[in-house]
Amino acid sequence: MSQALMQTDFTARVVWLGNVDPSRDDIRSDPLTRVGLTYEGLPGGRHSGLVKPSCVRTADQHSEGTPIRNVRQLSVLSTEELAEIAAEAGLDAIDPAWMGASLVIEGIEDWTHVPPSSRLQGGAGTTICIDMENRPCVYPGKEIEKDHPGRGKAFLPAARGRRGVTAWVEREGPLAVGDELRLSIPDQRPWSHLEAALSPGAREA
């Protein structure tokens with residue numbers, strides 16, 4: 001029996017870690033140097049847990065508030081795409097805290113569009129599984145506006161296709177700034193009906 005996941009030569013380095021305190025009234029994440037991931041995600045974080053209430057992202061499948069499996073434990077972004085967002089939005093840089101980021105990596109281009117179900121694995125075995133693209137929303141723009149008045153509205157159009165991915169913990173373990181992570185992807189070709197299934201709006205995003 002062949003393996004379902006193919007280990008690639010692509011690696012990334014962890015450059016930023018953060019967690020959103022559930023007591024906050026905004027999405028800003030607090031920076032950390034190391035974390036201990038569990039099957040619930042980041043302990044004590046706003047998005048931790050094995051289940052979560054459904055939201056607008058799954059509105060076609062579940063009415064809002066329905067308990068569903070939590071595959072949005074982590075928000076993973078890349079320095080490459082953050083730099084592109086900053087340039088288009090007229091900012092020197094994007095602070096990952098504004099984005100409510102859990103993890104920022106560098107070294108993998110076009111990160112937002114890695115295949116769903118890809119894995120990032122660290123040397124200690126800690127493994128996260130990619131769910132899907134994280135679509136932009138207005139909340140990071142509100143955080144940008146606090147620090148850079150007049151620039152917040154530029155975030156949403158600049159972040160389309162660059163907002164990173166959501167992910168969940170497949171294997172518990174430590175993760176620290178500076179760790180190297182290896183990318184594995186599903187060993188299968190793209191679905192032949194993908195273009196026909198996607199709506200015009202989804203393709204443009």
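Each Lys and Arg Cβ is given +1 and each Asp and Glu Cβ -1; about its Cα centre, the chain then shows a dipole of about 440 debye. For segment 1-150, relative contact order (Cα pairs under 8 Å, six or more residues apart, normalised by length) works out to 25 percent. 3J(HN,Hα) along segment 106-120, derived from phi through the Karplus expression 6.51 cos²θ - 1.76 cosθ + 1.60 where θ = phi - 60°, amounts to 9, x, 10, 6, 6, 4, 4, 10, 4, x, x, 6, 5, 10, 10 Hz, with x in place of Gly and Pro. Annotation: amide H-H contacts under 5 Å for residue 41 (H modelled 1.01 Å from N, sequence separation of 5 or more, or interchain): 49, 169.
State whether the chain is rounded, prolate or oblate according to the following rule on the C-alpha gyration tensor (a ≥ b ≥ c being the square roots of its eigenvalues): a/c under 1.5 gives rounded; otherwise a/b larger than b/c gives prolate, and the remaining case gives oblate. Rounded, since a/c falls under 1.5. When the Cα gyration tensor is reduced to axis lengths a ≥ b ≥ c, the ratio a/c is 1.5 or higher for segment 52-144, and with a/b not above b/c it is classed as oblate. For a modelled paramagnetic label at residue 59, 7 Å from Cα along Cα-to-Cβ, the residues of segment 135-179 in reach, with backbone nitrogen under 17 Å, are 135-139. Taking every DSSP helix (H) stretch of at least 4 residues in the chain, weighting each as -39,500 (n - 2.57) and dividing the sum by the residue count yields a mean residue ellipticity at 222 nm of -4000 deg cm²/dmol. Extension gain, residue 170 to residue 92: 0.36 nm times the residue separation minus the Cα-Cα distance gives 24.6 nm. In the chain, excluding the sites themselves, the longest stretch lacking any of the GluC sites (Glu not before Pro) that are in a DSSP loop with at most 14 other Cβ atoms within 10 Å is 1-63.
Sorting 137, 55, 129 from the fewest to the most surrounding beta carbons within 10 angstrom yields 55, 137, 129.
With R₀ fixed at 45 Å, the C-beta to C-beta distance from residue 84 to residue 2 puts the FRET efficiency at about 0.80. With both labels modelled 7 Å from their Cα along Cα-to-Cβ, the residue 10 to residue 68 distance reads 2.5 nm.
Taking the charge dipole of the chain about its Cα centre, with +1 at Lys and Arg Cβ atoms and -1 at Asp and Glu Cβ atoms, the residue from 49, 63, 11 reaching farthest to the positive side is 63.
We did not get these values from a lab; they are worked out from the coordinates using the rules stated. Every value quoted in this text rests on a predicted model; they were computed, and no experiment measured them. With ideal geometry, Cβ positions are generated from the backbone for all residues, glycine too; neighbour counts draw on all protein chains shown.
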